[in-house]
Protein chains: 2
Amino acid sequence: MEKRNRVFIATSLDGYIADKNGSLDWLFSIPNPDQIDMGYEPFMSVTDAIVMGRVTFETVCGFDCPWPYSKPVFVLSGTLKSIPDEYKDKVELVNGSIPELVNMINSKGYHRLYIDGGTTIQSFLKEDLIDDMIITTIPILLGGGSSLFGDLVSPLNFEFVSSKVYLDKVPQICYTRKRD
Amino acid sequence: MEKRNRVFIATSLDGYIADKNGSLDWLFSIPNPDQIDMGYEPFMSVTDAIVMGRVTFETVCGFDCPWPYSKPVFVLSGTLKSIPDEYKDKVELVNGSIPELVNMINSKGYHRLYIDGGTTIQSFLKEDLIDDMIITTIPILLGGGSSLFGDLVSPLNFEFVSSKVYLDKVPQICYTRKRD
C-alpha cells in the first residue's frame, strides 16, 4: 500500500491553529446544528495511524469526551517522560528523527499516517515528508496564536486537488505535494 | 454609493505575499498560457481608487511595464518625501491616520477602494476598516517572507461569500467582514 503522510486540520484565515490563549473555541464559532464532521470520518477511514506532538496529545486528553481515536496514536515528544497509565493502551511515546520515526511506524504496517499538531506538522514539512494536506479555513482573523506553518529552508510546491464548502460557510481545500 | 474597502491579493499557502528575498516570482509559478487575470479586471471595474503603501508603490514602479492603473492611486507613506516626477499625475502621496485618510478619499467621491500591500492592509485591519477580501492562494509553502496578515488586538470575524478555482490549480475565496 502506498505510504502517505497526511494533514487534516483547520486554521483561521490568518493561518493559526490555536488562538493567543491556546484556545480552540473559535473552531466552533460556525453554527453546526447537525454536527457534520467536514470530512473527518472519511479521512480517518483511510488512516492507519496518527502521529501527534505532546501539545496536541495533552489537548485531546483535556477534551471532555472519551478517547476519540480508534487507530494507533504515536505521540512524538522529546520532553514527555511517560504516558499516563490511562492512555498506555492507546498511545505509544516516540522520539528521534522524523524519517526514522516514519520508517519505524511504516515497518509496523501503518502506511497512511495522519500527522497532527503544529510543531509535528512543521517538523514533517522541514523533512519534506508531508504528501497531502486537507486544510479547512475558519473565516476569522485571530491576529495571533500558534501558526500552522513555520520556517522552511526552501519552498515546497503543492498542487490543488479539490475544494469543498461546508455549511455554506467553511471552505476546505485539498493539496498534494508536487515533487518534480 | 456604498463605501467598501476591499482587498484583492494573492498569497502563498503559508500566507506570504512576498518571499524571503522580497520576490514575487513564485506568483507566476503556475502556467497561465492565456494570461487569464483571475478576476482582476472585474474587480478593478468596481474600484474607484487604490490605496497602497510605499513598498507596493515602489514594486509597481519597478515592473517592466507601463503604469498599470487607470484609477487614482493614493500612496500611504510616512517616510516617502515626494513622488517621482514621472508618477506625479498618477499618484497622490498621503499619510496620517487610516480613518482620516479614508474619509478624505471618500470625500473626493471615491467610495470603493482597493487596499493593497501587506503593511497597508494590516493597518486597515487594525482599524477594522476592511469590508471584503478576495484571496487567491498559490499552492506553495514559501517558508518565510512578508506576511499578508499581522497582529490584531481582537479577532475579526469574516464570512465566506464564494469560491472559484482558476486554471484547475489556483483557489480564490471571497470573504466579507461579519460585523455583529
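Rule-based calculations on the coordinates, nothing more; no lab input. Predicted, not measured: the structure shown is a model, and the values here were computed from it. Cβ placement follows ideal geometry from the backbone for every residue including glycine, while neighbour counts extend to all protein chains displayed.
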Open item on the list: Assume the label is 7 Å from Cα along Cα to beta carbon: what separations in nm does A:Asn21 have to the matching positions in the other copies?
Closed with: 4.4
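When only Cα pairs under 8 Å and 6 or more residues apart are kept, what is the percent relative contact order across chain B? All intermediate terms of the calculation are to be shown ahead of the outcome.
Values: 299 pairs, mean separation 63.9, N = 180.
In percent, rounded to a whole number, it is 36.
Could you compute the FRET efficiency for B:Lys178 and B:Lys108, with r as their C-beta to C-beta distance and R0 at 22 Å, rounded to 0.05? Walk me through the intermediate numbers first.
Numbers: r = 29 Å, r/R0 = 1.31.
Plugging the Cβ-Cβ distance into 1/(1 + (r/R0)^6) gives 0.15.
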Open item on the list: Only Cα pairs within less than 10 Å get springs; with that Gaussian network setup on chain B, which residue of B:Glu100, B:Glu159, B:Glu86 has the largest fluctuation?
Closed with: B:Glu86
Task: Cα pair distances in segment A:4-177, grouped into 10 Å bins until the bin that holds the longest one, percent each - done: 9, 37, 40, 14, 1
Open item on the list: Compute a Gaussian network model of chain A, connecting alpha carbons closer than 10 Å, and tell me which residue from A:Ile105, A:Ile17, A:Ile115 fluctuates the most.
Closed with: A:Ile105
Open item on the list: Apply the Karplus curve 6.51 cos²θ - 1.76 cosθ + 1.60, θ = phi - 60°, to the phi angles in segment A:85-91 and return the couplings in whole Hz, x for Gly and Pro.
Closed with: 3, 5, 10, 5, 8, 10, 10
Task: Rg(Cα) / (2.2 N^0.38 Å) computed for the protein assembly as shown, rounded to two decimals - done: 1.09
Open item on the list: Which residue in B is nearest the B/A rotation axis when you measure from the C-beta atom, and what is the distance in Å?
Closed with: B:Gly15, 2
Task: In segment A:4-177, lysine pairs with alpha-carbon atoms under 17 angstrom apart (chain gap of 8 or more, or interchain) - done: 5
Task: At 7 Å out from Cα toward Cβ: B:Asn103 inter-copy label distances (nm, ascending) - done: 6.7
Task: Counted charge near A:Ser82, where neighbours are those whose Cβ lies closer than 13 Å (Asp, Glu -1; Lys, Arg +1) - done: 0
Open item on the list: Which residue, A:Gly22, A:Val60, A:Gly150, has the largest displacement toward the positive end of the dipole of segment A:4-177 when charges sit on each Cβ (Lys, Arg +1; Asp, Glu -1)?
Closed with: A:Gly150
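Under a Cβ-only charge scheme (Lys and Arg +1, Asp and Glu -1), can you give me the dipole magnitude of the protein assembly as shown about the Cα centre, in debye to the nearest 20?
Details: 34 positive and 48 negative charges, 17 e Å.
Using only the charged Cβ atoms, the result is roughly 80 debye.
Could you tell me the convex hull volume per residue, in Å³, taken over the Cα atoms of segment B:23-112? List each step's numbers first, then the result.
On the way: hull volume 11.3 nm³, N = 90.
Cα-based convex hull of segment B:23-112, divided per residue, equals 126 Å³.
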- [ ] Work through the residues other than B:Ser146 whose Cβ is under 12 Å from its Cβ and net out their charges, Lys, Arg +1 and Asp, Glu -1.
- [x] -1
Open item on the list: With the label 7 angstrom out along Cα to Cβ, how close does B:Asp89 come to the same site in each of the other copies, in nm, nearest first?
Closed with: 8.3
- [ ] Work through the residues other than A:Pro66 whose Cβ is under 13 Å from its Cβ and net out their charges, Lys, Arg +1 and Asp, Glu -1.
- [x] -1
